[in-house]
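Each remark here refers to the structure printed beneath this line.
No lab work stands behind these numbers, since they all come straight from the coordinates. Bear in mind that the values here come from a model prediction, so they are computed numbers and not experimental data. We place every Cβ from the backbone using ideal geometry, glycine too, and count neighbours over all the protein chains shown.
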Amino acid sequence: MNRGAAVAAALLEPVRRKEIVSVYTAAVIQGVALVTFPAASVVFTSAADYGLTNQEYGGIFVPQAIMAIISSLLGAGLSRRIGAKQVYLLGLYANLLAMALLVCSRFVMHEEALAYLVLLAATASLGAGFGFTVPALNTFAAAFYPYQVEKAVLGLNALLGLGTALAPVFVLLFVGIGMWWGMPISVALASLLLVLFSAGLPFQTTRQPLEAQGPPGKPKLPARFWLFAAFALLYGICETMNGNWASVYMAKQLGAGAALASLALTVFWSAVTAGRVLFATLDKWLPAGATFRILPIVVTSAFVATAGLQSAHPLLGIAAFAVAGLGCSALLPLVISLGQEELTSVAASVAGGLICAYQVGYGIAAFGVGPLQSRAGLHFDTIYGATAAVAVAMTMLSFALVRHRRRA
């Protein structure tokens with residue numbers, strides 16, 4: 001490196017550090033925002049507040065899944081047109097709007113139809129924020145640490161998981177002091193401060209997107225991508241059955257109080273976070289491929305255990321959700337990083353595409369439980385038992401993906 005290049009690199013270093021702070025802080029805030037609605041399920045389903053049925057509660061997440069899918073699909077194209085930074089900021093703006101709408105819904109909560117419409121608009125905005133922000137964050141993390149992509153993506157998603165673990169705790173604290181709406185206000189303020197901090201940063205990646213190495217125009221996704229996408233979809237179902245329904249399951253199936261119900265959700269997301277940190281640390285001794293095959297088996301065992309629980313054992317429910325969180329922990333970041341590593345010709349589209357597939361699974365699980373209960377007459381234990389079969393399919397797919405990777 002000549003002297004001029006060394007000086008330029010030294011001048012850029014403080015800017016890059018700020019970009020890293022922005023991206024990894026955004027992961028925490030995004031995690032908190034994402035779980036604000038599931039964490040507040042006790043408010044949404046309480047007759048004294050919104051009074052939503054299980055089907056109505058599940059229904060509020062449908063716009064979130066739809067908008068997350070749309071924004072994930074649009075994200076790669078928008079990044080090429082307006083830049084990844086602007087897509088990232090769009091996501092932050094959408095999260096800010098979602099929290100504002102959630103606060104506004106408080107003032108009309110007893111006007112059922114209007115309140116429900118505002119909640120639908122809020123979750124739609126949150127879905128757009130997730131779909132724009134998370135793929136951009138994964139792309140930035142990979143660009144910041146091009147020689148440690150798997151560890152960088154796992155670290156980023158560990159912080160995302162930290163935010164999801166903190167959300168139920170914050171909601172419980174705000175509910176305890178009688179102002180649950182303080183939670184979305186806090187998230188909105190944090191999002192606004194992050195926008196102000198990030199707006200002046202360049203967010204120029206250190207390498208040209210891998211897609212640019214191929215022919216110009218919209219890249220064609222190879223057949224292998226759809227196997228990774230299928231895995232992400234199945235994972236979305238498994239994660240959402242825990243992340244969105246843990247508190248409701250604990251309260252209505254196991255008879256747990258509000259504190260234990262919130263604790264189950266906190267334990268699940270805490271285990272997700274701890275697992276991501278653990279497997280990022282153990283990557284020298286436990287290869288990513290091995291982790292990718294082992295964890296779906298852990299998820300399957302957790303669903304089998306959850307399906308067999310009785311109402312007299314809510315503490316065992318918390319333990320089962322902890323196991324589920326450990327099993328889910330590294331799977332989404334790993335399927336993204338492994339997909340980007342293998343599908344190099346479309347690497348910049350992989351994160352958005354897999355987040356899109358994950359959100360399809362999210363939507364299926366978030367909305368599907370209500371109709372399965374109200375129309376098919378299924379109980380939670382039966383639904384969780386059926387989801388174990390989904391986890392088995394995910395396990396089989398993980399072995400197929402890793403075998404192909406090892407041969408390649």
Fill in the blank from the handout: With Cα springs under 10 Å, the Gaussian network model of the chain assigns the largest mean-square fluctuation among A121, A357, A98 to A121
Completion exercise
With Cα springs under 10 Å, the Gaussian network model of the chain assigns the largest mean-square fluctuation among L354, L159, L278 to L278
Practice task
Enter the Cα centre distance for the pair the range 112-169 and the range 342-377, rounded to the nearest angstrom.
Solution key: 14
Handout entry: With at most 11 neighbouring Cβ atoms within 10 Å, loop trypsin sites (Lys or Arg not before Pro) (DSSP) excluded, longest segment of the chain
Key = 1-206
Completion exercise
GNM of the chain, Cα pairs under 10 angstrom: of E150, E56, E239, the biggest fluctuation goes to E56
Fill in the blank from the handout: The farthest towards the positive end of the charge dipole of the chain, of the residues T36, F130, A229, given +1 on Cβ of Lys and Arg and -1 on Cβ of Asp and Glu, is A229
Handout entry: Within the chain: Cβ-based charge dipole about Cα centre, in debye rounded to nearest 20 (Lys, Arg +1; Asp, Glu -1)
Key = 1260
Practice task
Arrange the peptides 67-77, 319-329 so that the one whose residues have, on average, the most other Cβ atoms within 10 Å appears first.
Solution key: 319-329, 67-77
Fill in the blank from the handout: Going from the fewest other Cβ atoms within 10 Å to the most, one would list Y93, Y57 as Y93, Y57
